[in-house]
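In what follows, a structure is listed as structure tokens, so that the remarks can point back to it.
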Amino acid sequence: MNPLSRPCWSLFIVLTSVTAAACGGSSAAPPTTSTTTTPASTNPTAAPPANTSTAEPPPIDEPPSTANHVATGDALPIDALQIAVGQLPASLGVERAVIGVSRGDHIWLGAAGVDDTATGRPMATDRHFRAASITKLYVDGVVLNLVDQGVLSLDDRLAQWYPTFPNADEITVRMLMSHTAGVTTDWWLSPDLIQLALDDLGRTWTPSEVIELMAKRDPAGPPGGPALYSNTGFVLLGEIAAAVGGDSIGGLIEDRIITPLGLAHTSFGFENPPDLAHAYFDFQGHTIDVTAMPMQAMLSMAGAAGAIQTDTSDLLTFVHALLGTTELVSQSSRALLSPRTPVSDRFHHGVMGFCPCATSTTGTVYSGWGHSGDIPGYFSATAYFTASDTTVVVFLNRDSVDGVTFQHDALDGVVEQIALLLEHQS
């Protein structure tokens, strides 16, 4: 299971079965596109994808979609990126998308489709969205920052903070980060957990309450075993960081990432931020705007596993700073997050590998590392590619079509195409 996808969908199937009868279907206005290219800020459970890269870059000999944009010479392939964002909604069967790309001193942002179907307002590149499991990258940054300071070790045992959690004596911080701790993978797929969220959608759960609840679930596997994607593991990491860092995980993210990088449009929280993009999914023939639905229970239960809200520009800046520089973590910690050697699993120290990729006898070599995120109405992916110093963000304010939720890898091909575009131009 990937970032909050199937569990959240199961929860909202229940919610919408109650509310859908009162909701009229919405039809989106014809897609529109807009792009912006500017100098970048100075602060700037799933099987692996195919073993070898098969994606082709978007065609560059087609005329770009009608749009206003500012060209910056040969810094970025403007026309090809414009074609990519213009084609993305139709290729996925959705009405709206945002793509952001940064390389060197330049950022390109493009939007296509409609944000608010009730008014026909076009999607814009500055809309906020729920980043869901991309939150795990922020937790990575905080945890490794604490490791760099010498106040936390990746070999520290969970028992130091939660001695009664199953297998706590054997589980290390490193295992929690790499999803190899064997911690339960149960989330909202279980009827009893769904019911807890439904009992009070506006309730704010504390991390301690979530951990106490999940400690009662059976382990998913042995500590140090195969990678089994676990949101609970990152809730635990958030509380370990809080205990060591002397503040909540939200406070640590604010002090150690958001403020130093000047991320004015990023927050960790459970309330709707300003300029939040409308979010939609289909259910029984209705297109439902979930933006106004209570989200506190879901987001607070996710916590360190999925409560970041941001925009495309801020996410580009953060991912580049974490994976492409030593602004947030040391070189040795950065190497953990962007390994250039074969790995046995796509999930590695809280990051996910992205293609182009190649196989060896000992594993897969990914050229990009980042994460994806899925929560009802929002689907996103981000990756950093070291060779071309390229950061990519793709955001949809829809996570399902005809009642079927996108799989975790729905945007893998799009990210790979953009990476190849930049690689071919370099």
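Of note:
- Cα centroid separation, region 363-426 to region 164-179: 29 Å.
- Ascending count of other beta-carbon atoms within 10 Å, so fewest first, for ARG340, ARG346, ARG157: ARG340, ARG157, ARG346
- Peptides 306-313, 405-412 ordered by packing proxy, namely the average of other Cβ atoms within 10 Å per residue, highest first: 306-313, 405-412.
- For region 161-235: rounded, prolate or oblate by the Cα gyration tensor [a/c cutoff 1.5]: prolate
- The distance between label points at ALA215 and ARG121 comes to 4.5 nm (points 7 Å beyond Cα on the Cα→Cβ vector).
- Cα gyration tensor category, rounded, prolate or oblate, for region 207-365 with a/c compared to 1.5: rounded
- Rounded to the nearest 0.05, the FRET efficiency derived from the C-beta distance between ASP275 and ASP402 at R0 = 35 Å is 0.75.
- Amide N proximity, region 118-153 versus GLN160 label position 7 Å along Cα-to-Cβ, cut-off under 18 Å: 140-153
- Separation of alpha-carbon centers, region 221-283 and region 329-361, rounded to whole Å: 21
- Theoretical gain in end-to-end length, ARG203 to ARG340 [0.36 nm per residue, Cα-Cα removed]: 45.0 nm
- Rounded, prolate or oblate (a/c below 1.5 giving rounded, otherwise prolate when a/b exceeds b/c) for region 112-220 by Cα gyration tensor: oblate
Where a number appears in this text, it was derived from the coordinates with a stated rule and is not lab data. Just so it is clear, the model here is predicted, and its values are computed rather than measured. Don't worry about glycine lacking a Cβ; one is built from the backbone with ideal geometry, like all the others, and counts go over all protein chains shown.
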